Amino acid sequence: MQWSQLKKRAEALFADAVRRRVELRSTRYHNAPDQMGRGWITIDKTEMISMCDYSYEYRQWQESDRLRQASGCVDFRDPAHQEGYYRAYDQAQVTLHAQSVFGRWEFVASLRDYLNTPVKAIPKSPNPIIRAVGMLDARVGKRRLAAMTMTNEHPLVQKLYAFRCRAEGLPCLVTEPSRDPPNPKRGCQA
């Protein structure tokens, strides 16, 4: 499915209170290898999160390298090091996701999965992007939204939950995460 169709279908599911205030955006750098790019979510024309392939891969490499150095598994050719060497990539991905660092490809894949996820499964999804976008979904009604608890929830999910509660005039059951000042630089940053 093309991005324009994916965006239209996902945004069509948003609740009326947030529909014209939230935008899902994506771009590809056509001259870049593998057409890497950036995805982002804006609220009231202010960028809330940026998901850039370049910065994600750079930070994943840094984190996995740090983990490999710490574990001593630095040579992928050595059979004794191989398991720890490759496990560092998986551990780095978990760490970056906890810090709200995602790639554009994860954003697009998550939106595709989101469209095929039943509404009852959205809050239980292991994917924080699906859970976050699900907070904006009209199928997650006001009663269900009011009954949710956001303890130990991913910061991205908490932000969109708090935004939707404010937009719907509901009491917010979570202390909204601190808003980072908007970054004056646009695009990918490592």
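What the table below lists for this structure:
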read-out: Number of positions in the stretch 71-96 that are assigned to a helix (DSSP H, G or I) and either touching a residue at least 40 places away in the same chain (Cβ under 8 Å) or surrounded by fewer than 13 Cβ atoms within 10 Å (Cβ to Cβ) (or both); value: 6
read-out: For Ser110: the one exception among (1) of a type outside the set (Phe, Trp, Tyr); (2) surrounded by 20 or more Cβ atoms within 10 Å (Cβ to Cβ); (3) not in a helix (DSSP H, G or I); value: (3)
read-out: Residues being within 18 Å of Glu23 (Cα to Cα), part of a helix (DSSP H, G or I), in contact (Cβ under 8 Å) with a residue 24 or more places away in the chain and in contact with an Asp or Glu (Cβ under 8 Å, 6 or more places away or on another chain) - total across the stretch 115-172; value: 4
read-out: Tyr58 more than 22 Å from Arg112 (Cα to Cα), in contact (Cβ under 8 Å) with a residue 40 or more places away in the chain, of a type outside the set (S, T, N, Q) and assigned to a helix (DSSP H, G or I); value: yes
read-out: Selection within the stretch 22-47 - assigned to a loop (DSSP other than H, G, I, E, B), surrounded by 15 or more Cβ atoms within 10 Å (Cβ to Cβ) and aliphatic (A, V, I, L, M); value: Met36
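No lab work stands behind these numbers, since they all come straight from the coordinates. Worth saying up front: this structure is predicted, and the values here are computed from it rather than measured. Glycine also receives a Cβ, built like all others from the backbone with ideal geometry; neighbour counts cover every protein chain displayed.
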